[in-house]
1. Which residues, counting only those in the range 219-237, are within 16 Å of ligand 2 (Cβ to nearest atom) and either more than 16 Å from Ala39 (Cβ to Cβ) or not β-branched (Val, Ile, Thr) (or both)?
2. Residue under question is Gly25, and the condition is that it be of a type outside the set (Val, Ile, Thr) and either within 26 Å of Glu137 (Cβ to Cβ) or more than 16 Å from ligand 1 (Cβ to nearest atom) (or both); does it hold?
3. Output the residue which, of all residues in the range 44-63 that are buried (at least 22 other Cβ atoms within 10 Å of the Cβ) and within 15 Å of Lys221 (Cα to Cα), is farthest from the chain's Cα centre (by Cα).
4. What are the pairs, 6+ residues apart or on separate chains, where a residue within the range 14-31 that is among the hydrophobic types (A, V, I, L, M, F, W, C) has its Cβ under 7 Å from a residue that is within 10 Å of ligand 1 (Cβ to nearest atom) and assigned to a loop (DSSP other than H, G, I, E, B)?
5. Taking the range 17-37 as the search range and keeping residues that are in contact with a Lys or Arg (Cβ under 8 Å, 6 or more places away or on another chain) and part of a loop (DSSP other than H, G, I, E, B), which one is farthest from Glu166 (Cα to Cα)?
6. Restricting to the range 64-77, and then to whatever is more than 14 Å from the chain's Cα centre (by Cα) and at pLDDT 95 or above, can you tell me which residue is farthest from ligand 1 (Cβ to nearest atom)?
7. For the structure I just gave you, tell me whether Leu40 is assigned to a helix (DSSP H, G or I), touching a helix residue (DSSP H, G or I) at 6+ places or on another chain (Cβ under 7 Å), on the phi < 0 side of the Ramachandran plot and within 16 Å of ligand 1 (Cβ to nearest atom).
8. For Leu160, are the conditions met, namely being assigned to a helix (DSSP H, G or I), aliphatic (A, V, I, L, M) and out of contact with any Leu (no Cβ under 9 Å at 6 or more places or on another chain)?
Amino acid sequence: MTDPRVSIIRHRLGSVATVLAFASGKGGVGKSCCSTTAALLLAREGRRVGLLDLDFHGASTHLILGIEPGLPAEQGGILPFETAFGLQYMGIAPFTGDRGVALRGDAVTDAILELLAVVIWGELDVLVIDMPPGIGEAVLDIARYVEQIRIALVSTASMLSLRIMERLVEVLDAGHIRPAGCILNMGRPDKEHSAQPRLERDLKILGTVPYVPELEEEIGKPDRLVGGRFAAALAPMLGPLITPS
Ligand SMILES: Nc1ncnc2c1ncn2[C@@H]1O[C@H](COP(=O)(O)OP(=O)(O)OP(=O)(O)O)[C@@H](O)[C@H]1O
Ligand SMILES: [Mg+2]
């Protein structure tokens, strides 16, 4: 039997033009910083933007936004929280209150379906999704249940990170999903290191975001974050990510 939530998800996301998920092969490469900053930058431009945190074990976008969400309001579903620049936020943090969650296997898929089915996003230009690291349930489920999905990959320029990212590209390929491009994060400014890495798979490198030591001070302060060097380096990559080529 088909899960009834699948058709509810289609309805809930029916007025969302683009869904852009930030994923990576390796953990800790900067997905949450990139996804949250991208969402804030797009919202500041006047677009209607949502941010959905699907990293249940490592939920961190609420920390980057500097919010402590309580339980959300209900209205035939649950309403996202309005944050800086009108950005709409939802994740598991409002329900778990920053405590750890022990979800695995089917329970992860269940929680993802539940969140997608229950949140009333309304009309959005872009719904940004922050994914957990690796090729787990979340990536496979999103690829399966969200029709308008676009994937932004984040990697460091290290061969270790790039190779694992290419494995993720392979898995997505099997599901007929071609990533919109790859952001190289925490790059070194010197020329040799910012050169295009050699990839075994055909993948568009969108650019390099340098290592920005002051990013730590910008976390939790959206106004400073969008005006900082991290955001400035990321901003030119957003056009290609949300515009189908
Ligand atoms: N360009 C950068 N310059 C400096 N620090 C950075 C940069 N990008 C990310 N960081 C820092 O690196 C750490 C990891 O970033 P982040 O949490 O965004 O990674 P992630 O890929 O979401 O991790 P996870 O896989 O655990 O979800 C954070 O402490 C973040 O502040
Ligand atoms: Mg993260």
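The values are calculated or read from the model by the stated rules, or taken from the named source; none is laboratory data. Since we're looking at a predicted model, the values are computed, not measured. Cβ placement follows ideal geometry from the backbone for every residue including glycine, while neighbour counts extend to all protein chains displayed.
1. Residues of the range 219-237 within 16 Å of ligand 2 (Cβ to nearest atom): 219-220, 225, 230, 234.
The answer is Gly220, Leu225, Phe230, Leu234.
2. So Gly25 passes the test.
3. Checking each candidate, the answer is His62.
4. Ala21/Met131; Phe22/Met131; Ala23/Met131; Val29/Thr156
5. Filtering the range 17-37 for residues in contact with a Lys or Arg (Cβ under 8 Å, 6 or more places away or on another chain) gives 18-25.
Subset that is part of a loop (DSSP other than H, G, I, E, B): 24-25.
Working: Ser24: 9, Gly25: 8 Å.
The residue in question is Ser24.
6. Of the residues in the range 64-77, the ones more than 14 Å from the chain's Cα centre (by Cα) are 66-77.
From what's left, at pLDDT 95 or above: 66-67.
Numbers: Gly66: 14, Ile67: 16 Å.
If we take residues in the range 64-77 being more than 14 Å from the chain's Cα centre (by Cα) and at pLDDT 95 or above, then Ile67 is farthest from ligand 1 (Cβ to nearest atom).
7. In short, yes.
8. Details: assigned to a helix (DSSP H, G or I): yes; aliphatic (A, V, I, L, M): yes; out of contact with any Leu (no Cβ under 9 Å at 6 or more places or on another chain): yes.
So Leu160 fits the description; yes.
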